[in-house]
Amino acid sequence: MKNIYLKCGKVGKISLVLFLIDIRHAPTENDRLMYDYIINTNTPCLIVANKADKIAITKVDDAVKKLQNSLNPLKDLTFLPFSSERKVYSEDIWQYLSKYLEY
């Protein structure tokens with residue numbers, strides 16, 4: 001098995017934050033606090049809307065857009081749906097992460 005490491009420009013610098021939020025609910029105060037921290041520290045971030053298997057597949061795109069409009073109206077961060085249970089949308093996540101991985 002290959003070892004995978006996140007690329008770091010400097011020791012101790014975070015390369016990417018994977019910010020998990022529940023696709024079924026509006027962002028909580030803690031979600032907003034974390035989002036503000038990420039924005040204020042200018043840290044690269046992928047927002048993963050987890051539990052996508054818990055809603056109808058026809059509603060996933062709208063749910064992601066609703067989360068993005070609520071949390072990131074500038075749309076300068078990437079939001080992707082995901083299901084850890086069924087591994088749905090995992091290819092999109094891995095494709096995004098590949099920009100930050102070393103093998």
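Of the residues TYR89, TYR35, which single one is touching a residue at least 12 places away in the same chain (Cβ under 8 Å), touching a strand residue (DSSP E or B) at 6+ places or on another chain (Cβ under 6 Å) and not β-branched (Val, Ile, Thr)?
The match here is TYR89.
Quick check: anything in the stretch 4-23 modelled with pLDDT of 90 or more and touching an Asp or Glu at 6+ places or on another chain (Cβ under 6 Å)?
yes
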(message) Checking ILE39 against (1) closer than 19 Å to SER98 by Cα; (2) at pLDDT 90 or above; (3) not aromatic (Phe, Trp, Tyr), only one condition comes out false. Which one?
(response) (1)
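Going by the conditions given, is LEU46 under 12 Å from the mean Cα position of the chain (by Cα) and at pLDDT below 95?
Judged against the criteria, LEU46 is not a match.
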(request) Please work out which residue is surrounded by the fewest Cβ atoms within 10 Å (Cβ to Cβ), limiting yourself to the stretch 49-103 and to residues that are of a type in the set (Val, Ile, Thr) and assigned to a helix (DSSP H, G or I). (result) THR58
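The values are calculated or read from the model by the stated rules, or taken from the named source; none is laboratory data. It should be emphasised that the depicted structure is a prediction, and the values quoted were computed from it without experimental measurement. Cβ atoms come from the backbone with ideal geometry, glycine included; neighbour counts cover every protein chain shown.
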